[in-house]
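So the structure is just underneath, and the comments pick up after that.
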Amino acid sequence: EAGVTQFPSHSVIEKGQTVTLRCDPISGHDNLYWYRRVMGKEIKFLLHFVKESKQDESGMPNNRFLAERTGGTYSTLKVQPAELEDSGVYFCASSQGRGGNTGELFFGEGSRLTVL
Amino acid sequence: GDSVTQMEGPVTLSEEAFLTINCTYTATGYPSLFWYVQYPGEGLQLLLKATKADDKGSNKGFEATYRKETTSFHLEKGSVQVSDSAVYFCALTSGGSNYKLTFGKGTLLTVNP
């Protein structure tokens, strides 16, 4: 069974440009999450989808970030325009239930974003 | 708000050495506690968990006990292997949320043969 896959693995862009990160969750997982880790800091929650609906976007830093999950399958996270402080690793995770009965989220390898 | 503090490392050990990675937390209510591990080139994966005080989570020779009185969840392994080299993250959920994990900064462990 394929795990959570993220693309690209690394993106280098200039300040002011746009970047779109993609996440393909594990097949059959209705719940999808985005987290990010900025340099030297903890991994922090961004938002949670159940199918195509945003359930919790309390962690989104500002309106330059837009997450979508059309059709309830893969998700994209767009940063527009990117700023220097957006650099970091963006993790996607999925689960069957809301964190599952086991409390287990399945994470991808992450997409590293570098803004110059 | 909730927070997790773990020893940041890096930690370098020889094979068969004893491992302890300290983790303490601050949380409202009664959190669930987790250790996630990220091996090179892979995503984070759940290593073990504990959902109430005095519970012991265990997996792959690793153990951690939920200590409410000291607000701690230290990770231990009696004899590490080279294949245990990875980044280890302590985390918690609280307030009825099973998905909004609060993470520590992670500890890089390198085990040398």
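Selection over the stretch B:79-98 of residues that are assigned to a loop (DSSP other than H, G, I, E, B) and either crowded, with 21+ Cβ neighbours inside 10 Å or more than 8 Å from every other protein chain (Cβ to nearest Cβ) (or both) gives a count of 7. Looking at the structure I just gave you, is A:Gln96 under 30 Å from B:Lys52 (Cβ atoms), free of Cβ contacts under 8 Å to residues at least 60 places away in the same chain and open to solvent by 10 Å² or more (accessible area, probe 1.4 Å)? No; evaluated as a whole, the condition is false for this residue. Among residues of the stretch A:55-68 that are touching a residue at least 12 places away in the same chain (Cβ under 8 Å), those with a Cβ under 8 angstrom from a residue that is in a strand (DSSP E or B) and charged (D, E, K, R), sequence gap 6+ or separate chain, pair up as A:Gly59/A:Lys44; A:Phe65/A:Lys78; A:Leu66/A:Lys78; A:Ala67/A:Lys54; A:Ala67/A:Lys78. When A:Tyr33 is tested against (1) open to solvent by 50 Å² or more (accessible area, probe 1.4 Å); (2) in contact (Cβ under 8 Å) with a residue 24 or more places away in the chain; (3) closer than 22 Å to B:Val4 by Cβ, just one condition goes unmet, and that condition is (1). Among the residues of the stretch B:31-50, are any away from chain A (no Cβ under 12 Å) and not hydroxyl-bearing (Ser, Thr, Tyr)? No, the stretch B:31-50 contains no residue that is away from chain A (no Cβ under 12 Å) and not hydroxyl-bearing (Ser, Thr, Tyr).
In the set B:Leu46, B:Leu13, only one residue is within 16 Å of A:Glu104 (Cα to Cα), assigned to a strand (DSSP E or B), open to solvent by 20 Å² or more (accessible area, probe 1.4 Å) and out of contact with any helix residue (DSSP H, G or I) (no Cβ under 7 Å at 6 or more places or on another chain); that residue is B:Leu46.
The values are calculated or read from the model by the stated rules, or taken from the named source; none is laboratory data. Small disclaimer: the values here were computed from a predicted structure and weren't measured. Please note: Cβ atoms are built from the backbone with ideal geometry, for glycine as well, and neighbour counts cover all protein chains shown. When the accessible area is computed, the model is the full protein with side chains, heavy atoms only, and any ligands, DNA or RNA have been set aside. Shrake-Rupley method; radii C 1.70, N 1.55, O 1.52, S 1.80 Å.
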